[in-house]
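The values are calculated or read from the model by the stated rules, or taken from the named source; none is laboratory data. All figures in this text were calculated on a predicted structure; none of them were measured in a lab. Note: ideal-geometry Cβ built from the backbone for every residue, glycine included; neighbour counts use all protein chains shown. The protein model used for the area step is the full one, side chains on, heavy atoms only, and it has no ligands, DNA or RNA in it. Shrake-Rupley method; radii C 1.70, N 1.55, O 1.52, S 1.80 Å.
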Protein chains: 2
Amino acid sequence: MAEDRQTYEIDEAQESQYARAPLIDQEFLNDIMELVDTESQHALVNIFTDLHPADIAQVINNLPHRGGKYLFELLPIEVASETILELSEGVRENLVDELSSQRISDIVDELESDDAVDIVSELDDDVAQQVLRQLSPEDSAELIELMSYDEESAGGLMGTEFPIVSIDKTVEDAIRSVRDTAEDTEDIYEVLVVDENGALSGIVDLKSLLLHRPDVPIKDILEDDAVSVDVYLDQEEVAHLMRKYDMLTVPVVDGLNRPVGIITFDDIADVLHDEAIEDMERMSGLSDHEEVQSTVFGIAKSRFPWLLVGFAGEILAAIVLWSFSASIERVIISTFFIPIIMAMGGNCGIQSSSIVVRGLATGEIAFTKTFVRLSKEFLSALISGTALALLLFGISAFWFQDYQFGLVVSLALLVVMTNATLVGSTVPLILNKFGVDPAIATGPFITTTNDALGLFIYLAFLTLIYL
Amino acid sequence: MAEDRQTYEIDEAQESQYARAPLIDQEFLNDIMELVDTESQHALVNIFTDLHPADIAQVINNLPHRGGKYLFELLPIEVASETILELSEGVRENLVDELSSQRISDIVDELESDDAVDIVSELDDDVAQQVLRQLSPEDSAELIELMSYDEESAGGLMGTEFPIVSIDKTVEDAIRSVRDTAEDTEDIYEVLVVDENGALSGIVDLKSLLLHRPDVPIKDILEDDAVSVDVYLDQEEVAHLMRKYDMLTVPVVDGLNRPVGIITFDDIADVLHDEAIEDMERMSGLSDHEEVQSTVFGIAKSRFPWLLVGFAGEILAAIVLWSFSASIERVIISTFFIPIIMAMGGNCGIQSSSIVVRGLATGEIAFTKTFVRLSKEFLSALISGTALALLLFGISAFWFQDYQFGLVVSLALLVVMTNATLVGSTVPLILNKFGVDPAIATGPFITTTNDALGLFIYLAFLTLIYL
């Protein structure tokens, strides 16, 4: 029996692999494809019987479409329904397109409500209609209601299978409700308690039910300080609340404070993960979500918009340089330092904007007076800027034996760095004030702005001294 | 009773605020400081009695040190122990420095083992010794053992309070174990089941215990396919596993497969969050962890190292420009396009490196042949690069009526963009091969490399045509 368990541990040789976990690598995938090509159903079923749905999904994600489809069709309905949830979005869409509406209905029927909604809302309208018709009237009504919530709200995340008990009942009644709910869902951690109006009064966790006698009144063991969330609350707010208050589950209530669902932490883990990826994509200048499996055109499409913004900004920079061409021609060595002026401005801008954007996201920055924040940024840029300006003065003066130019370029560097830092910290605050997502300022936008601005400052200095 | 509950919902006027949650803003903080200054203990205790420890921590985080310390001293020991966990690291360190070792011991005594370890390991050695001496011998021995694990391993995350039952026992015995454990910890979701050698056989969740009769043998309701993790597994691997397999808790085992602890999802939420912040910091060129509350010198210190790396790289770029100064002087308009060459190379490099780095982190990239990945990157850069090169040819030809130069600069842009994309996707793969964290390649490093390389390509083209 113990051999059935999967223990993940560090293999001395390959730290990132798991000793006893299925090793899903290119070789394994090739073996699977061979079995698919020879239609060795029996062997495939044998291999996949022991795998976790998340692992099966990983295999299908990385097989050619034909192989993934063949394999998925072989899975028993309970496994298929677990597996489909774990597939990457693109792979799932392609796969679902080729399934019969009956097979989709069977899968949806197996799923818990929150997962069923995710699958049905990805379907084409006519297929979705067919699938809904093949479900029981209650199931289909429930799904239609859940689909009315924004995908990114608490209502879009919650499951509707939860035990519930009235506050005037006993432990025994609560256990009965757990028993009824257990037919529909695996994951039960607490019972929601409602008052005579059906409004949430609090929760009772399973541990309390287990440790109290059946005739103990619910009101005696009620936790009445439980946090709940409104059904329309944004999923990121839900994630932050659950993380802040260390909650594994949170009840979801409607406008009359009546429980309508429950969110568990595994849903929130995905939200936190997606959020992190979104941040990274925004910072890297990717506009659409790009997956490792994306096609060449998909990649180009996701990357082009910000490249175009950058392009436009640097044409502006070209115009700045052109309008100062007299100074540049006169002091040709000034061109050698265009890169350093641009790069240091860009780096300072990104550093300060990303701190401010994160502070706005976590709410920390709300406690700091804008003036204090900007002063800190300004002073820290002054310190770093002075150090690098001195270094640059030394290098340029030594290199070209031209102290006047050394003074110009190093002073310009100092001003450009402090200016870029202030721009980097101010722009997100302004965007936020006007209701624009400040994260836009962590990407190419702030770099490009600082490029044109930095060059203008540098060349204005140059012109003042030399012309 | 229902009024005691905190429901978070969207306020129409202020979407990011919660209607019934305590609104912790600057005004609230000012009021608190006034109460601190007038030493109004009674009023303060009244205010904080109703707040969640996470909210109290948020207040203390944002008060001046003197106020935070005064407030913390007023908290009853149970609240203080919950609050201290939620403080930001810098604030906690300052606060703990001024607490008596007796007060620290009392706090540590209240905490669950995993949290107690976090606090004790932050103490100075001599204070930690004093604190450990004031605990019971068992508690202190347990803490010392837990402290031996790497903070970032499963052992460093796990709590050691969990119910355990032998596989030959019954539901009743398991419930007894839950009852015993409940004296030490709030959070119990499952009972670990061990065989005659003390090795983990599986788990039984509380729901099963609740729904089966006391005399049912454990082996009949055992889930023997539960995933467990080795005590030395890195915390990020633990987080990825728990997310992948949608687990709220995971048992931790030693080398003989004996359970030594349990990790719950709230621990992992912090890991996922910290990881996301780390990524963002690396991408923004911040070397130390920078908090909103950091001092001016702290800010400068965290940002300076990457600024220095950027500085060195751009001095290299200056040398490249200098060595091509003959061409630049001859075709002065070439200088106007230095920014666009640099910026587009930088943007392409960041875009492709961040996708590769993420793919390496999630393991997805392991399934793609390097050649396939690079071909995709190359082709997508060719598409975007051609589009922008045509645009640039149009602009420069129209602007300067110089078709030859238009051809040079637009061809250079195309080559620089494809080259930067290849560099951006190759460097992380190479770093990874040599065991260096590839995430280093998403920050200023890749931009700086591409700046010097891009300018070299541009000027080499120019020289070939004009000299």
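State yes or no: is A:V372 more than 21 Å from B:P305 (Cα to Cα), assigned by TED's automatic domain parsing to the domain that holds A:A318 and either touching a Cys at 6+ places or on another chain (Cβ under 7 Å) or at pLDDT below 90 (or both)?
yes
List the number of the failed condition for A:L135; all other conditions in (1) hydrophobic (A, V, I, L, M, F, W, C); (2) within 30 Å of the chain's Cα centre (by Cα); (3) modelled with pLDDT under 90 hold.
(2)
Here is a check on your reading of the model: is A:I350 in contact with a helix residue (DSSP H, G or I) (Cβ under 6 Å, 6 or more places away or on another chain), farther than 18 Å from B:E314 by Cα and either at the interface with chain B (Cβ under 8 Å from one of its Cβ atoms) or at pLDDT 90 or above (or both)?
No; evaluated as a whole, the condition is false for this residue.
Any idea which of (1) without any contact (Cβ under 8 Å) to a residue 12 or more places away in the chain; (2) facing another protein chain (nearest Cβ under 7 Å); (3) under 27 Å from B:R176 (Cα atoms) is the one B:S228 doesn't satisfy?
That leaves (1) as the condition not met.
In region A:49-83, which residues are within 14 Å of another protein chain (Cβ to nearest Cβ) and either of a type in the set (F, W, Y) or in contact with a Lys or Arg (Cβ under 6 Å, 6 or more places away or on another chain) (or both)?
A:A54
Does region B:242-254 hold any residues that are facing another protein chain (nearest Cβ under 8 Å) and either part of a loop (DSSP other than H, G, I, E, B) or modelled with pLDDT under 90 (or both), and which are they?
Across region B:242-254, the qualifying residues are B:M242, B:R243, B:K244, B:Y245, B:D246, B:M247, B:L248.
Consider region B:336-346. How many of its residues are facing another protein chain (nearest Cβ under 7 Å) and in contact with a Ser or Thr (Cβ under 8 Å, 6 or more places away or on another chain)?
Of the residues in that region, 4 qualify.
Report, ordered by the first and then the second residue, all pairs with beta carbons closer than 8 Å, sequence separation of six or more or different chains, a first member in region A:365-379 that is at the interface with chain B (Cβ under 7 Å from one of its Cβ atoms), and a second member that is open to solvent by 70 Å² or more (accessible area, probe 1.4 Å) and modelled with pLDDT of 80 or more.
Between residues of region A:365-379 that are at the interface with chain B (Cβ under 7 Å from one of its Cβ atoms) and residues that are open to solvent by 70 Å² or more (accessible area, probe 1.4 Å) and modelled with pLDDT of 80 or more, the close pairs are A:K376/B:T295.
Exactly one condition in (1) open to solvent by less than 10 Å² (accessible area, probe 1.4 Å); (2) more than 8 Å from chain B (Cβ to nearest Cβ) is not met by A:A361; state its number.
Only one criterion is unmet by A:A361, namely (1).
Can you confirm whether A:E281 is open to solvent by less than 20 Å² (accessible area, probe 1.4 Å), facing chain B (nearest Cβ under 7 Å) and either without any contact (Cβ under 8 Å) to a residue 60 or more places away in the chain or out of contact with any Cys (no Cβ under 6 Å at 6 or more places or on another chain) (or both)?
So A:E281 fails the test.
Give just the number: which of (1) surrounded by fewer than 18 Cβ atoms within 10 Å (Cβ to Cβ); (2) over 27 Å from the mean Cα position of the chain (by Cα); (3) over 29 Å from A:E145 (Cβ atoms) does A:G67 not satisfy?
The failed condition is (1).
Of the residues in region B:288-333, how many are under 30 Å from B:P64 (Cβ atoms) and surrounded by 17 or more Cβ atoms within 10 Å (Cβ to Cβ)?
Here the count works out to 11.
Of the conditions (1) modelled with pLDDT of 85 or more; (2) on the phi > 0 side of the Ramachandran plot, A:F337 fails just one. Which one is it?
(2)
Take the residues in region B:389-416 that are free of Cβ contacts under 8 Å to residues at least 12 places away in the same chain and buried (at least 17 other Cβ atoms within 10 Å of the Cβ), then tell me which one is nearest to the other protein chains (Cβ to nearest Cβ).
Ranking the candidates gives B:I395 first.
Among the residues in region A:367-388, are any aliphatic (A, V, I, L, M), buried (at least 20 other Cβ atoms within 10 Å of the Cβ) and farther than 28 Å from A:E278 by Cα?
Yes: one or more hits.
Select from region B:225-235 the residues that are open to solvent by 40 Å² or more (accessible area, probe 1.4 Å) and assigned to a loop (DSSP other than H, G, I, E, B) and write down the one among them that is nearest to B:Y245 (Cα to Cα).
Residue satisfying both the conditions and the ranking: B:D225.
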